[in-house]
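Undergrad: Dumping the structure here so I can ask a few things about it.
The values are calculated or read from the model by the stated rules, or taken from the named source; none is laboratory data. For clarity, every value in this text was computed on a predicted model and none was experimentally measured. Heads up, the Cβs are rebuilt from the backbone with ideal geometry, glycines too, and the neighbour counts pull from every protein chain shown.
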Amino acid sequence: MNWPHESNTGELDACFGNPHGANGHANPAWVSENVVALIPPYEMKFSWGPKVGHLLFHRKCRDAFGEALLEVKKLYGTQADIDAHRMNLTGGSFMYRLMRGSSTRMSIHSWAAAIDIDPQHNPFPAKWRPGFIPAEAAACFEKCGLIWRGAHGDDDPMHFQAVEHSYRG
Ligand SMILES: [Zn+2]
């Protein structure tokens, strides 16, 4: 799958459809046509506490995220080891909102094409360093064709997306 590039909102809308609805909300018709549930292959919880029943993604990229989480499960083998590496923690996937630090650009989460992992230990903006998401776990997502915003000295290490990104590094 070739993902659209994040610099071009038209490209995002062409691939994923236009999620924009009224009054700062996603268009409910777009949501019902495109946003689907993923039951994670291991136990996850939101970083603020509740257990994850399912994660929401765009239908075109749900399987890529599912495969990535399956790779994480294979990498660590047990729930205890996944938890020890904090790969069970998410800040969420589908969220209709502005990009952090922007008053005009919508976040890739608005197209349901991104997930945040362990935001408490992977702050924005920050460059990846030891103690953040383990490099071998981030590689599980990259192996499945997803883009990690902690690569190449980028500044959003919690964030993985099904959208191309130009690294400045
Ligand atoms: Zn994010």
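Undergrad: Of the conditions (1) more than 16 Å from the ligand (Cβ to nearest atom); (2) surrounded by fewer than 16 Cβ atoms within 10 Å (Cβ to Cβ); (3) assigned to a loop (DSSP other than H, G, I, E, B), Lys60 clears all except one; give me its number.
TA: (2)
Undergrad: Of all residues in the stretch 39-53, which are touching a residue at least 40 places away in the same chain (Cβ under 8 Å) and not acidic (Asp, Glu)? Steps first, please.
TA: Going residue by residue through the stretch 39-53, those that are touching a residue at least 40 places away in the same chain (Cβ under 8 Å) are 42-47.
Across the stretch 39-53, the qualifying residues are Tyr42, Met44, Lys45, Phe46, Ser47.
Undergrad: Moving on. Given the conditions (1) in contact (Cβ under 8 Å) with a residue 12 or more places away in the chain; (2) within 11 Å of the ligand (Cβ to nearest atom); (3) more than 20 Å from Val36 (Cα to Cα), which single one is not true for Ile115?
TA: Just one mismatch for Ile115, condition (3).
Residues checked against (1) buried (at least 18 other Cβ atoms within 10 Å of the Cβ); (2) polar (S, T, N, Q); (3) modelled with pLDDT of 95 or more:
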{"site": "Arg100", "(1), (2), (3)": "no, no, no"}
{"site": "Thr104", "(1), (2), (3)": "no, yes, no"}
{"site": "Ala113", "(1), (2), (3)": "yes, no, yes"}
{"site": "Asp116", "(1), (2), (3)": "yes, no, yes"}
{"site": "Cys140", "(1), (2), (3)": "yes, no, yes"}
{"site": "Arg149", "(1), (2), (3)": "yes, no, yes"}
{"site": "Phe160", "(1), (2), (3)": "yes, no, yes"}
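Undergrad: Of everything in the stretch 127-156, what is in contact (Cβ under 8 Å) with a residue 40 or more places away in the chain, part of a loop (DSSP other than H, G, I, E, B) and away from the ligand (no atom under 16 Å from the Cβ)? Give them in sequence order.
TA: Passing the criteria: Pro134, Cys144, Gly145.
Undergrad: I'd like to know if the stretch 75-82 contains one or more residues that are aromatic (Phe, Trp, Tyr), in contact with a Pro (Cβ under 8 Å, 6 or more places away or on another chain), surrounded by 17 or more Cβ atoms within 10 Å (Cβ to Cβ) and outside any loop (DSSP other than H, G, I, E, B).
TA: So the first thing to find is which residues in the stretch 75-82 are aromatic (Phe, Trp, Tyr), and the list is 76.
Remaining after also requiring in contact with a Pro (Cβ under 8 Å, 6 or more places away or on another chain): none.
No, every residue in the stretch 75-82 fails to be aromatic (Phe, Trp, Tyr), in contact with a Pro (Cβ under 8 Å, 6 or more places away or on another chain), surrounded by 17 or more Cβ atoms within 10 Å (Cβ to Cβ) and outside any loop (DSSP other than H, G, I, E, B).
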